[in-house]
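Notes for the one structure printed next.
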Amino acid sequence: MVVMLATSLQRRIHAALWATAVGDALGNAAVGYWEERIAEQYGGPLSGFVTPVPASDQRSRWDYGEVTDDSITTQAVATSIAENGRVIRQDIARQLIALGPKYTRGAISKPKAANDVNYVATSGRGNGACGRVAPIGMIHRSDDLEQLVDDVFSVSTITHGTRSAVGAAVVTATLISGSLDGLSFPRLLERSFQALDLLDTYTLTEDECDLRDEIRTALRVGPQAFSRAAAKRGEWGFHASECVPLVIAVVQGVADCRQAILAAANLGGDADSTAALVGSITAARRPETLPDAWVREVDKHNRLSFTRLAPALSRLRECNEALATT
């Protein structure tokens with residue numbers, strides 16, 4: 001896909017959006033698998049796109065190259081922001097409701113949540129919130145954490161109301177924003193913890209997980225060991241408090257987008273979400289490492305508007321930056 005983009009920022013946002021879709025579609029083949037079972041099923045570790053074989057009868061069936069809820073809800077959030085020039089919670093809720101159950105995985109299944117755009121969730125520990133907030137990180141600089149955290153809280157609580165899930169979404173948006181700012185990994189981590197400190201002032205349903213401790217553990221033991229420990233607990237990255245620390249552990253060790261997506265996908269578990277987030281973060285830092293052939297393949301099999309949305313999100317980030325300095 002040859003796309004003429006005017007600025008470096010547009011190119012990086014464009015790559016980060018498409019890397020979400022690439023990681024999502026590629027990692028989807030490994031959802032619910034143990035690491036070694038991926039090789040058994042597909043004749044070796046994943047090295048590109050394959051037709052997903054569900055790990056069990058309970059898993060959804062997807063086609064070759066097809067994206068899942070991670071990409072579709074990210075596009076919904078990005079579209080709303082681009083059309084309105086800012087985050088409007090009710091409009092994003094309306095767009096998510098319109099997607100239907102295939103792309104909301106039951107997060108908008110209760111009658112009130114499915115019909116009330118003002119509904120505020122009080123439960124939910126999954127990856128739905130952190131999987132859709134990348135566009136918020138794209139329109140705010142990482143030194144504008146107060147607005148970033150407020151927007152993430154607003155969009156996350158449409159479906160998720162626990163501190164761990166919303167905290168994971170806040171960290172995700174901060175990682176995207178800081179990557180676009182060109183921050184080093186230690187500075188990314190520092191900004192993420194600062195964002196969590198700000199979130200501590202918001203009212204959320206408390207759970208037993210300390211996201212900061214989970215991140216530190218993942219960085220200490222590495223992605224493979226952390227993933228296996230999560231699997232033994234029965235969570236396996238399907239909880240946001242497992243997924244986002246795992247993403248950070250992968251990003252710490254691999255800066256190349258292609259390598260990072262494959263590393264995340266081949267861990268199994270909630271591999272589409274993990275690979276989508278890893279892809280977005282690394283592509284924001286090094287857009288040239290996202291294979292153009294992978295983007296073309298995903299574009300061919302889906303109806304995505306990321307190329308159109310990237311310049312709009314870039315302009316909003318530049319406007320927000322200008323406002324912050326006046």
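The values are calculated or read from the model by the stated rules, or taken from the named source; none is laboratory data. All figures in this text were calculated on a predicted structure; none of them were measured in a lab. A quick note on method: Cβ atoms are made from the backbone with ideal geometry, for glycine too, and the neighbour counts reach across all protein chains shown. To get the accessible areas, we keep the full protein, side chains included, count just its heavy atoms, and leave off ligands, DNA and RNA. Shrake-Rupley method; radii C 1.70, N 1.55, O 1.52, S 1.80 Å.
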By residue number, the members of region 247-266 that are buried (at least 21 other Cβ atoms within 10 Å of the Cβ) and over 17 Å from Ala19 (Cβ atoms) are Ala249
Please count how many residues of region 28-65 are out of contact with any Leu (no Cβ under 8 Å at 6 or more places or on another chain) and among the small types (Gly, Ala, Ser). 8
Checking Ser47 against (1) of a type in the set (Gly, Ala, Ser); (2) open to solvent by 70 Å² or more (accessible area, probe 1.4 Å); (3) modelled with pLDDT under 95, the condition it does not meet: (3)
Need the failing condition index for Arg258 against (1) touching a residue at least 40 places away in the same chain (Cβ under 8 Å); (2) under 18 Å from Val67 (Cβ atoms), just the number. (1)
Looking only at region 1-44, and only at residues there that are aliphatic (A, V, I, L, M) and part of a loop (DSSP other than H, G, I, E, B), the one that is modelled with the highest pLDDT: Val31
Region 208-227, subset free of Cβ contacts under 8 Å to residues at least 12 places away in the same chain and more than 19 Å from Ala263 (Cα to Cα), residue surrounded by the fewest Cβ atoms within 10 Å (Cβ to Cβ): Glu208
Where residues in region 95-118 are of a type in the set (A, V, I, L, M, F, W, C) and at pLDDT below 90, which of them is surrounded by the fewest Cβ atoms within 10 Å (Cβ to Cβ)? Ala98
Name every residue in region 283-296 that is open to solvent by 40 Å² or more (accessible area, probe 1.4 Å) and either assigned to a helix (DSSP H, G or I) or small (Gly, Ala, Ser) (or both), in order of residue number. Arg285, Glu288, Asp292, Ala293, Arg296
Subset of region 253-270 (residues that are at pLDDT below 95 and part of a helix (DSSP H, G or I)): Gly253
Given the residues Ser280, Ser192, Ser227, Ser273, which is the only one that is modelled with pLDDT under 95 and in a helix (DSSP H, G or I)? Ser227
For residues that are hydroxyl-bearing (Ser, Thr, Tyr) and open to solvent by less than 40 Å² (accessible area, probe 1.4 Å), scanning just region 161-194, find the one that is farthest from Ser142 (Cα to Cα). Thr162
Filter pass, Ser164 being assigned to a helix (DSSP H, G or I), over 14 Å from Glu214 (Cβ atoms), among the hydroxyl-bearing types (Ser, Thr, Tyr) and touching a residue at least 24 places away in the same chain (Cβ under 8 Å): no
Is it the case that some residue within region 129-144 is surrounded by fewer than 23 Cβ atoms within 10 Å (Cβ to Cβ) and modelled with pLDDT of 95 or more? yes
Taking region 195-207 as the region of interest, how many residues are open to solvent by 50 Å² or more (accessible area, probe 1.4 Å), without any contact (Cβ under 8 Å) to a residue 40 or more places away in the chain and in a helix (DSSP H, G or I)? 1
Result of the Cβ filter at 6 Å on region 141-154, keeping first residues that are within 12 Å of Gly167 (Cα to Cα) and without any contact (Cβ under 8 Å) to a residue 60 or more places away in the chain and partners that are of a type in the set (Ser, Thr, Tyr) and open to solvent by 50 Å² or more (accessible area, probe 1.4 Å), at least 6 apart or interchain, is Phe153/Tyr202
Just checking, which of Pro311, Pro287 is touching a residue at least 40 places away in the same chain (Cβ under 8 Å), closer than 18 Å to Ala255 by Cβ and not charged (D, E, K, R)? Pro287
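To keep it simple, each residue is scored yes or no on (1) modelled with pLDDT of 95 or more; (2) within 21 Å of Ala16 (Cα to Cα); (3) open to solvent by 30 Å² or more (accessible area, probe 1.4 Å).
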{"site": "Asp63", "(1), (2), (3)": "no, no, yes"}
{"site": "Ile72", "(1), (2), (3)": "yes, yes, no"}
{"site": "Thr79", "(1), (2), (3)": "yes, yes, no"}
{"site": "Ala93", "(1), (2), (3)": "no, no, no"}
Is there a residue being in contact (Cβ under 8 Å) with a residue 60 or more places away in the chain and crowded, with 24+ Cβ neighbours inside 10 Å anywhere in region 32-39? yes
